[in-house]
Each structure stands twice: as C-alpha cells, then as structure tokens.
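Q: Input: one structure, supplied below.
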Amino acid sequence: MQTKLKDIFLFKNLCDDTLDRISEFTVPVKLLKDNILFYEGDESEYLYLLSKGIVKLYKTASNDKEIVMKYFHGNELIAEVANFDNIPYPATAQAFTDSEVLKIDFKKLKEVIYSDPELSFVIQASLIKKIRNLEKIVFMHVVLDSKERIAKYLCEYTEDFFNTKNIIVAEILNISPETLSRMLRVFKNEGLIDSKAKTVDKKRLELLFS
C-alpha cells in the first residue's frame, strides 16, 4: 500500500513513517464502469483518491436528468470539499470507465494532517488547485469552441485520450461524436496526433487555445 500511496501526488513526498500510518486506514477499491462510488447525500466519511480511470460527478435534476459537474481523471481527489466542510457528498460519483480508487478513513487522516505540517500544506495546495480547476472547467465549456476544447483535452489528458473510446471523450467535452471524429481527422492530417505512437504535438496544439 505504501508504494501505491507514493504514486499519488498528495503523498509522494511524505516520510515512510507517515505513509505507514496512512496505509493502516487506506483500502484500494476497484470499480467497474457505471459502478457508484457514493451517492448524493451520503455521509463524507471517506476521502477518495482516483488512481486510475475516469469518475463522473453528477447531480440529478427534478426531471431525473443528470447534470454533470465534473469528470475526474487519475491522481485526483474526488469531492474532497465535502470531507473538509464535514457535509454530506453534494453529488453522486459514478465510474465512467473501469477505475481504481483509494478509500481513506478521513477522521483518521485528519489526525495525521494535524501532526504533519508538510501534509497539511500539500492538502491546502490541493484545495487551491481544485479552485483553479473549476475556473478551467468554466473556461473550457463557456469560452472555448469545440476545436479548442479538443486541443486542450489532448494536451492535458493525453494518456486518457488514447485509452478512452471517442464516444466517451465526446461526452466529457460536451460535443457530438461526429464533431470529435471530424476534428481528430484534421489534427491527424496536420500531424498534431500520432495514433500509432500515441503521442500529440502539445506545443502546436497549445497555440489553438492559449
């Protein structure tokens, strides 16, 4: 478990003694596509760290329509604000692809946080990063057009892109599969994507949305 924790950005610089303490109350959980991690309104007893896959966070409107709030990718905390605010989870988390998470007893983790200034600082930095990510989400879906949105996703989530079906990527980006396929053909013809090598030309792609 200590090896898995070291692969997570939140814990990678912690000493072995602290990692051993956290390992004692951390459990790896595998989720199949569409499995529910937690429901809206559940008590936030656990802090969830996504180590692999994509998890969708959504609320259900009065007409039973899903309102997607965010798609989480590997090495992200899922809805951790609920843990720190000591409130129920504000939305439902569902595996969008086969995924793996680390389930951490948050009450016990708080004891470690209080005794480890370095971990406390990293947690604060993570929360600040989450605020910036929310700003990026608004920017992506309100300011950028579909071409710019695709380019940005390719730069930020290259590995996920090559391991995820196009229809799923289209849903994440809130565009039609046809639009995605058309733009990917353009990018491939321009040498921005190499599907065989599973690489992208980030420098040139960044010019499309920066």
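Q: If you stretched the chain out fully between D7 and S62, how much longer would it get, using 0.36 nm times the residue separation minus the C-alpha to C-alpha distance?
A: Using 0.36 nm per residue and subtracting the Cα-Cα distance, I get 15.8 nm.
Q: From the cross-link list K70/K147; K12/K152; K65/K152; K59/K196; K65/K108, which pairs have alpha carbons spaced over 30 Å apart?
A: Numbers: K70/K147 20 Å; K12/K152 27 Å; K65/K152 27 Å; K59/K196 38 Å; K65/K108 36 Å.
Violating the 30 Å limit, Cα to Cα: K59/K196; K65/K108.
Q: At 1.4 Å probe size, what's the solvent-accessible area of I8? Round to the nearest 10 Å².
A: 10
Q: When the chain is fully extended, how far beyond the present Cα-Cα distance does K110 get from D42, taking 0.36 nm per residue of separation?
A: Values: separation 68, 0.36 × 68 = 24.48 nm, distance 1.93 nm.
Gain on stretching K110 to D42: 22.5 nm.
Q: Please list, in chain and number order, the residues 5+ apart from Y46 or on another chain whose amide H is under 5 Å from its amide H, with Hs placed from the backbone.
A: Amide H to amide H, under 5 Å and 5 or more residues apart or across chains, Y46 pairs with F106.
Q: Let me ask something additional. If each of A125 and R204 carries a label point 7 Å out from its Cα toward its Cβ, how far apart are those two points in nm?
A: Going from the A125 label point to the R204 one covers 3.4 nm.
Q: Next question, about the same structure. Rounded to the nearest percent, how much of the accessible area of the chain (1.4 Å probe, protein heavy atoms only) is carbon and sulfur? Write down the numbers at each step before the final one.
A: On the way: 6020 of 11880 Å².
In the chain, the share of accessible area belonging to carbon and sulfur is 51 percent.
Q: Using θ = phi - 60° and the Karplus curve 6.51 cos²θ - 1.76 cosθ + 1.60, what whole-Hz ³J(HN,Hα) does each residue of region 158-169 get, with Gly and Pro shown as x?
A: 4, 5, 4, 4, 6, 10, 10, 5, 4, 5, 6, 4
Q: Could you run the Karplus curve 6.51 cos²θ - 1.76 cosθ + 1.60 with θ = phi - 60° over region 32-42 and give me ³J(HN,Hα) per residue in whole Hz, x for Gly and Pro?
A: 7, 3, 6, 4, 8, 7, 7, 9, 4, x, 5
Q: So, for the chain, what is the accessible surface per residue at a probe of 1.4 Å, expressed in square angstrom?
A: Working: 11880 Å² over 210 residues.
Solvent-accessible surface per residue comes out at 57 Å².
Q: Whole Å is fine, so just give me how far the alpha carbon centre of region 143-210 lies from that of region 9-83.
A: The two parts, judged by their Cα centres, are 26 Å apart.
Q: In nm, to one decimal, how far is the modelled label at K30 from the one at K188, with both set 7 Å along Cα→Cβ?
A: 3.2
Q: Tell me, in nm to one decimal, what length is gained between C15 and S195 on full extension, where the rule is 0.36 nm per residue of separation less the Cα-Cα distance?
A: Working: separation 180, 0.36 × 180 = 64.80 nm, distance 3.97 nm.
Here the answer is 60.8 nm.
The values are calculated or read from the model by the stated rules, or taken from the named source; none is laboratory data. Bear in mind that the values here come from a model prediction, so they are computed numbers and not experimental data. Heads up, the Cβs are rebuilt from the backbone with ideal geometry, glycines too, and the neighbour counts pull from every protein chain shown. Side chains included, ligands, DNA and RNA excluded: accessible areas come from the protein's heavy atoms. Shrake-Rupley method; radii C 1.70, N 1.55, O 1.52, S 1.80 Å.
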